[in-house]
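> I'd like to ask you about the structure that follows.
Readers should treat all values here as calculations from the given coordinates under stated rules, not as data from a laboratory. Keep in mind that this is a model prediction, so the values were computed, not measured. Neighbour counts run over all protein chains shown; Cβ positions are idealised from the backbone, glycine included.
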Amino acid sequence: MKRLLFPIFSVILLWSIHFGQTMSEPIIISNSPATASKWGQVAFGPDGKVHIVWEEDHSTSRGSDIYYVCYDGINLEGPVNLSNSRLIISWRPYVCTNQAGGVFVVWDEEGKCYFTEYDPQEKEWSSPFRVSTADFGGDEPYVAADPDGNVYTTWFKDKGGKCYSRSRINGEWEDIFRLSPQNRRSTQVGIAAGNDGQVWVIWREKMPYREYKIHYRKRTKNTDWSETKIMNEGGASQAHPHITVGPDNVPVVTFADIEGGPPADILICTIDEKENPREGVVPLALQHFSRIAIDNNLNKHLAWQIGSGDNGRGIKYRNNIGGQWNPIELMKNSGGGPQLPGISADSGGNVVVVWSSSSPGRDKEIWLSSLYPILVLNPPINLYMNITVDNLKGAPEIVYDLSWEPNPENEASKVKGYNIYKKENEGNWELLLSVNKSTHSASFTFTNPENRIQLGIKTVSVYDTEGPIAVFGIEE
């Protein structure tokens, strides 16, 4: 049985002088002196915890398993063996979460896509479910979940070059859907869901002029997959794409642009469905597997592998905090044959990267680094809202008097204050007011409101990250 380190930090991790723009000192998430931990991936949960999965190669059998841990910035919970396939090869896991606290994981088990999920109410993992058979393949699967807990998976079958998706809507699995056409080779998929319930799937497809271009479709829980569209035909062959959806519900794709290969540029493309503009982020080099996350301020964060194939020379990171792309950073402890990095952003401004890399005298380990300290922030408690209406003879004024109390589960020294938000109808949350941690009430007046108003509050840390939102109520 694999053993893990369970570090308890009494001090905050060391940060560079460019606080909030470069990553922390990395820590080991796995501890496997006799085995290999590879293909690590990560997703933030709504409470600020990070959920990490990886492939664990056993030294005493031909098989490998998919392992999972949860990290709250102090303790590691786990590991949990999700696949229990010691005599079978399980690899290339991917993980996502949703706002209800669900955790969803897929992996390739000898050419078939498997799926499991964590139920936050029952606090247990489901039995692995076989999403696809060998006839449909299961290469490099991905998973997304919408706000209602519907699940969307995608993968490809390398032999023959076909891409597929299968969705679970309202608890029932639909039939497998063929994404790509019969007459073109298609591989390398990705999928992501927005807070608006829109789901986007991508893949690379070989065009008649022999270059590969990224294609996409979209759907919701109530609609079928849309017709296929080409993302952007600019540049040369497009490879190893990864997609995310920002808090503005706009999907962004990163990919390698290869002309004659193997060196490649790394670009991003925003799918606005008008021009789908491209932007160069990393100049030509021997590099692979760029992965992207978008934070709550719509800043973009990229991680990628340098070096060849599955045995690279390091993991690099870059962001555009401040409105321009900042210097590229080489992640420490990433020089030992790293593979595909994982990256995730939470709703409060933090970003985390994981990767696999060997260290002296050891086999491959999973490492983690974050933009800010990983900190679980709980929302305020005992929320109260009183509504009064003034000036009925003129333009009515609706007054919202709010009050709340600090959450005792938060570490007081890590709390800076509170952010109060307003949401109209089904729009986005907009910041109304920031107050310090000694303030526990606020009042707002709206004149002639025509839309339904919803008010919420978040705890803010001393690092300016935010916890999940707590809602005061809805005014019809």
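> HN-Hα J couplings of segment 65-81 from phi, Karplus 6.51/-1.76/1.60, θ = phi - 60°, integer Hz, Gly and Pro as x?
10, 9, 10, 9, 9, 10, 10, 9, x, 10, 10, 9, 9, x, x, 10, 7
> Need one word for segment 140-298: rounded, prolate or oblate. Basis is the Cα gyration tensor (sqrt eigenvalues a ≥ b ≥ c); a/c below 1.5 gives rounded, then a/b vs b/c decides.
oblate
> Which order results if Glu233, Glu426 are arranged by neighbouring Cβ count within 10 Å, fewest first? Before the final figure, lay out the partial values.
Values: Glu233 12, Glu426 9.
The fewest-first ordering by Cβ neighbours comes to Glu426, Glu233.
> Taking amide hydrogens as modeled 1.01 Å from N in the peptide plane, which residues meet the under 5 Å criterion relative to Ser180, leaving out close sequence neighbours?
For Ser180, whose amide H was placed from the backbone, the distant partners under 5 Å are Cys163.
> Okay, next question. Relative contact order, percent, of the chain when contacts are C-alpha pairs under 8 Å separated by at least 6 residues?
Numbers: 1368 pairs, mean separation 54.2, N = 476.
After rounding, I find 11 percent.
> Restrict the search to segment 185-246; then list the chymotrypsin sites (Phe, Trp or Tyr not before Pro) that DSSP places in a loop and that have at most 14 other Cβ atoms within 10 Å of their Cβ.
Tyr209
> Same structure again: Provide Lys206, Lys364 in ascending order of the number of other Cβ atoms located within 10 Å of each residue's Cβ, fewest first. Display every interim value, and only then the final one.
Numbers: Lys206 17, Lys364 26.
The fewest-first ordering by Cβ neighbours comes to Lys206, Lys364.
> Which trypsin sites (Lys or Arg not before Pro) does segment 238-330 hold that lie in a coil by DSSP with at most 15 other beta carbons within 10 Å?
Answer by residue number: Lys274.
> Hey, how many Å between the Cα centroid of segment 417-476 and the Cα centroid of segment 217-273?
Between the Cα centres of segment 417-476 and segment 217-273 lies a distance of 34 Å.
> Then there is this: Using alpha carbon centroids, what distance separates segment 113-175 and segment 27-81, in Å?
20 Å
> By the scheme Lys and Arg +1, Asp and Glu -1, what is the net charge of all other residues having a beta-carbon under 11 Å from that of Gly280?
That works out to -2.
> Could you line up Ser413, Ser37 from fewest to most neighbouring Cβ atoms inside 10 Å?
By the 10 Å Cβ count, ascending: Ser413, Ser37.
> Could I ask something else about it? Pick out, in residue order, every one of the GluC sites (Glu not before Pro) in segment 95-203 that is DSSP loop and has at most 12 other C-beta atoms within 10 Å; say none if there are none.
Passing sites in segment 95-203 are Glu122, Glu174.
> Pop out the ³J(HN,Hα) list for segment 111-124 in order, Karplus 6.51 cos²θ - 1.76 cosθ + 1.60 with θ = phi - 60°, rounded to Hz; leave Gly and Pro as x.
These are the phi-based 3J(HN,Hα) values: x, 9, 8, 10, 9, 8, 9, 9, 8, x, 7, 7, 6, 8 Hz.
> Follow-up. Give a residue-ordered list of calculated ³J(HN,Hα) values for segment 35-40 (Karplus: 6.51 cos²θ - 1.76 cosθ + 1.60, θ = phi - 60°; whole Hz; x for Gly, Pro).
The phi angles translate into 9, 10, 9, 9, 6, x Hz.
> How many percent of the alpha carbon pairs in the chain exceed a separation of 28 Å?
Summing the P(r) of the chain above 28 Å gives 53 percent of all pairs.
> Excluding Asn170 itself, what net charge comes from residues whose Cβ is under 12 Å from its Cβ, given Lys and Arg +1 and Asp and Glu -1?
Once positives and negatives cancel, what remains is -2.
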